[in-house]
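For reference, the structure discussed in these notes is given below.
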Amino acid sequence: MSGISQLLGIGQSGIFAFQRALSVTAHNVSNVNTEGYARQEAIVSETRPQDDRPGQVGTGVQVTQIHRSFDTFVDQQLLASQEQLGRFNASHGALTLVEGLFGDSNDLGLGHDLNELFNAFQDVANNPADLPSRSVLLAKSQTLGADFNRTAATLTDQRQALDRQVADTLTEVNGLLGQIAGLNAQIAQAELSGQQANDLRDQRGRLIKDLGERIDVTTVEDRTGQLTVFAGRGQILIDKNTSYGLIGLPAGSNSGFLDVGYNPGNGAPVNISSVVGSGRLRGLLDARDQAIPRLLRSLDTLAAAVATEINRQHRLGFGLDGSTGVDFFSASGLTAGTFAVALTDPKQIAASATATGVPGNNANALAVVDLQRAAIASLAGSTFNDYYRATAADVGTAAKDAAQHVQAEELIHEQLENRWVEVSGVSLDEELVNMIKYQRAFEASSRLIVMGDELLQTILSLKR
Amino acid sequence: MRIADQQLFGLLQGRFQQISQRILLAQQQIASQKEVSRPSDDPNTFGQIISDKSDLSRAEQRIRNVEFGASRLDAADSALATVNQVLSRIKELAVQARSDTATASDRSLIAKEVRELHRQLVQVANTEVNGTSIFAGTKTDLAPFVLGPGDTVQYQGNAETQSVEVGNGQRIQITVPGNVIFTGPSMNLFDGLRDLLASLESNNGTGIETGIGDVDRALVQVAGTQGTIGALANRLESTQRSLDDVSDLIKAALSRHEDADLAKAISDLTGQQLALEATARSANRLFENSLLNFLK
């Protein structure tokens, strides 16, 4: 008797186990396209055998574990790559916008304006007494001034836009930190009771990658399955179910732009901008505080040099109205943002080198024209055009480098993702094979029960 | 090695994206016909383009300068040709008047014609081009030669000249001041004519003889200036030729630096379109092989 009921029990264990295995397969199939989902596998093993004569007899099968296919090493590398990608994408985006200011290819922008300015001086030199030529010169100078101002304003706007992105990113980081801390608690609770919190771990993994895209972090898993998350030089962002948020610290010395502040929960927040090593925040901070200010400084230097040099020569000459010692451009301020034409009366353009030579003398206008190819001391001995050219090439190189970094990192990221998916991704073919396998086993187990039933019938029919 | 479905999709997606990016790039190049249009396309070449454009702009401005100078010299040259004709006619008349058979009334008649010619010379010496006196030195807003009482003519221009820039540190003079042509350097043409007129009217044979000598010297002086102007015009002309060459060279360099190779861009585009089609077809085949299609 006991033998037959044991048979029924074995059949039942098969039905339970393969049903469970089929559930896991179904879960895999339905998550075939879920990003960050790690394939699960039902690990089955024999149940505890019974002592019998002449030896132990098996009692069936059971699912001992739902295994999550996961490679921690690849996952860590993927996180690092995600951080770099976030960083380079941010700086590339900013630099692409900035380099759009160099419209030289379409005969726009400062280089073109400078050429036009000197050509207008040449036209005045040809026709020193001609008022229309002089008015054209004033108009061309104003165009140059407007473009200097506009470029400076655009770059400043860019910095402000980047600063808003820093603030937004900090908010996102804090949101992610809260969610990860919450999942930490859920995972610890689930795993305490011996469960495997596979799906919760997948969710947490996805959030960690989202976090890494924004700021570089280090993670350590403790024995309860909870992740401790560090930023920069060991600042704890998440400890078990508690998260310590980041806040924006306005820096007075930097136009009130935000630094990344770390709030340890007790005392004043600490500025950790300099130890943010990667992620979007690094890219944004670099573009906001390095690349764009560098370009602005170059443009300021150029604007100051143009105004100073032309003024110096212009003051030596004489206008149609006999005026002399007059500045052509405003001498105060002298940045790209404040660059302006001081002259309003075209008669005051000092084309003549002598008071008596007015109106036909053009020697001073020609002397201004010579500045176009002069080595300018304040530009380290290069000409206006060469300096502008170097500035454009500098921005171009930075933008190109950033683009190449993005490309290279995308490649690495793709490979790592491939590797990750190779270990953790769902293969439909594999699942289909498993499905058939488990389905067959399920069928066979049910046959066992039918057979057990028949055996019982046989025995019961003995007593007729 | 396991192949997960996401790998296949990811691979396909990546490939499609790559190819689409290349197609976009080729299309941009074809549409703008430019290979380098942003600094990051090629920072060095972009810098080169900035230089090329500046060089080209300067060369074209210099061509304009040369054309302007040439028009000024042309005006001066044709004015001086008139001066030459007028002086020759005066000489002819003076030679007639010198004749021993010429009577006082003949000479006074001739004086009338010479006076008209004298006035014509003053007018030519005050020639303006677009409101600018061309023989006034840099006092271009004045009529440089002023007729006073007793056929006297005063020069109120100055001795300065105007130049245009035609190359780095190269300037070519485009005006000759009136004091070099009419009132100097070897003789004052108007003073000579004034004296000749006086001699004609006072029936002074010796004075007329002196006057003829003055007119001869004036002719030599004007011819000298014409030579100077011709030489300047020649310099401008040869400068223009070399500037045209330079500008062509820069344009060629600019085109080399920034223009897209259309043939290459179009063949790139075609190639990438083929690749896209091939990828799409192979994707189709890939999914035909799925076990799903065999489990019915």
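Assorted remarks:
- Think of it as helices only: each DSSP H run of n ≥ 4 in chain A is worth -39500 (n - 2.57), and spread over all residues that comes to -20500 deg cm²/dmol at 222 nm.
- Relative to the dominant Cα principal axis of chain B, helix B:5-32 is inclined by about 20°.
- Across the range B:194-204, coupling constants 3J(HN,Hα) worked out from phi with the 6.51/-1.76/1.60 Karplus curve, θ = phi - 60°, read 4, 5, 4, 4, 4, 5, 4, 6, 8, 6, 9 Hz, and Gly and Pro carry x.
- The equivalent ellipsoid that matches the C-alpha gyration tensor of the range A:297-378 spans semi-axes of 24, 14, 8 angstrom, in descending order.
- Euclidean distance of C-alpha centroids, the range A:336-365 and the range B:142-188, integer Å: 24 Å
- Computed from the C-alpha gyration tensor, the three semi-axes of the ellipsoid equivalent to the range A:144-273 are 38, 16, 9 Å, from longest to shortest.
- Helix B:43-98 and the longest principal axis of the C-alpha atoms of chain B enclose an angle of approximately 20°.
- Angstrom value of the Kirkwood radius, inverse mean 1/r, which spans all Cα pairs in the range A:197-321: 18.2 Å
- For residue A:244, nonlocal amide neighbours, meaning residues 5 or more places apart or on other chains whose placed amide H falls under 5 Å from its own, are A:238, A:239.
- Cα radius of gyration and Dmax for the range A:44-199 (Å): 35.1, 127
- Estimated from helical segments only, the mean residue ellipticity of chain B at 222 nm is -25000 deg cm²/dmol, where each DSSP H run of four or more residues counts as -39500 (n - 2.57).
- Cα-based helix-to-principal-axis angle, B:205-258 vs chain B, degrees rounded to 10: 0 degrees
- The range A:29-93 and the range B:248-296: distance between their alpha carbon centers, rounded to Å: 39 Å
- Ranked list, fewest to most other Cβ atoms within 10 Å of each Cβ, for A:81, B:186, A:330: B:186, A:330, A:81
- Calculated FRET efficiency for the pair residue B:17/residue A:108, C-beta based, R₀ 30 Å, to 0.05: 0.45
- Screening chain A for DSSP H helices whose Cα atoms reach 20 Å or more along their own axis and whose mean Kyte hydropathy is at least 0.5 gives A:2-30.
- In terms of its C-alpha gyration tensor, the range B:120-253 comes out prolate, because a/c is 1.5 or above and the ratio a/b outweighs b/c.
- Size descriptors for the range B:201-296: radius of gyration and Dmax over Cα atoms are 41.2, 137 Å.
- Residue-normalised convex hull volume from the C-alpha trace of the range A:192-239: 64 Å³ per residue.
- From phi via Karplus (6.51, -1.76, 1.60), per-residue ³J(HN,Hα) for the range B:185-192 in Hz, x at Gly/Pro: x, 8, 7, 9, 4, 5, 4, x
- In the protein assembly as shown, the alpha-carbon atoms span a convex hull of 193 Å³ per residue.
- Listed by chain and number, the lysines whose C-alpha is less than 21 Å from the C-alpha of residue A:400, apart from same-chain residues fewer than 8 away, are B:34.
- Per-residue Cβ neighbour rank within 10 angstrom, fewest leading, B:36, A:270, B:164: A:270, B:36, B:164
- Inter-part distance where the range A:427-458 and the range A:257-311 are each reduced to a Cα centre, Å: 67 Å
- When each of B:53/B:264; A:140/B:251; B:53/B:251 is checked by Cα-Cα distance, pairs over 18 Å: B:53/B:264; A:140/B:251
- With both labels modelled 7 Å from their Cα along Cα-to-Cβ, the residue A:433 to residue B:25 distance reads 4.0 nm.
- Computed about the Cα centre, the dipole magnitude for the protein assembly as shown is approximately 1580 debye when only Lys and Arg (+1) and Asp and Glu (-1) carry charge, each at its Cβ.
- A cut-off of 5 Å between modelled amide H atoms, ignoring neighbours fewer than 5 places along the same chain, links residue A:259 with A:249, A:251.
- Hypothetical label at residue A:373: residues of the range B:139-169 whose amide nitrogen lies under 19 Å (7 Å Cα-Cβ projection): B:163-169
- Exposure proxy order (Cβ contacts within 10 Å, fewest to most) of A:45, A:278: A:45, A:278
- With eigenvalues of the C-alpha gyration tensor scaled by 5 and rooted, the range A:69-142, Å: 56, 8, 6
- Based on Cα atoms of chain B, Rg over Rh with Rh as the Kirkwood radius reads 1.49.
- Under-5 Å amide H pairs with residue B:102, H placed in peptide plane, nonlocal only: none
- Anchor residue B:112: aspartates and glutamates whose Cα lies under 20 Å away (excluding residues fewer than 8 positions away in-chain): B:92, B:100, B:151, B:191, B:195, B:201, B:209, B:214
- Cα-based reach from residue A:240 at 16 Å (exclusive), listing aspartates and glutamates while leaving out same-chain residues under 8 positions away: A:191, A:221, A:222
- Value of D in µm² per second that Stokes-Einstein yields for the range A:251-406, Kirkwood Rh from Cα pairs, at 20 °C (1.002 mPa s): 113 µm²/s
The numbers here are math on the coordinates, done by the rules we state, and not lab data. All values derive from a computational prediction rather than experimental measurement. In this analysis, Cβ positions are derived from the backbone assuming ideal geometry, glycine residues included, and neighbour counts consider all displayed protein chains.
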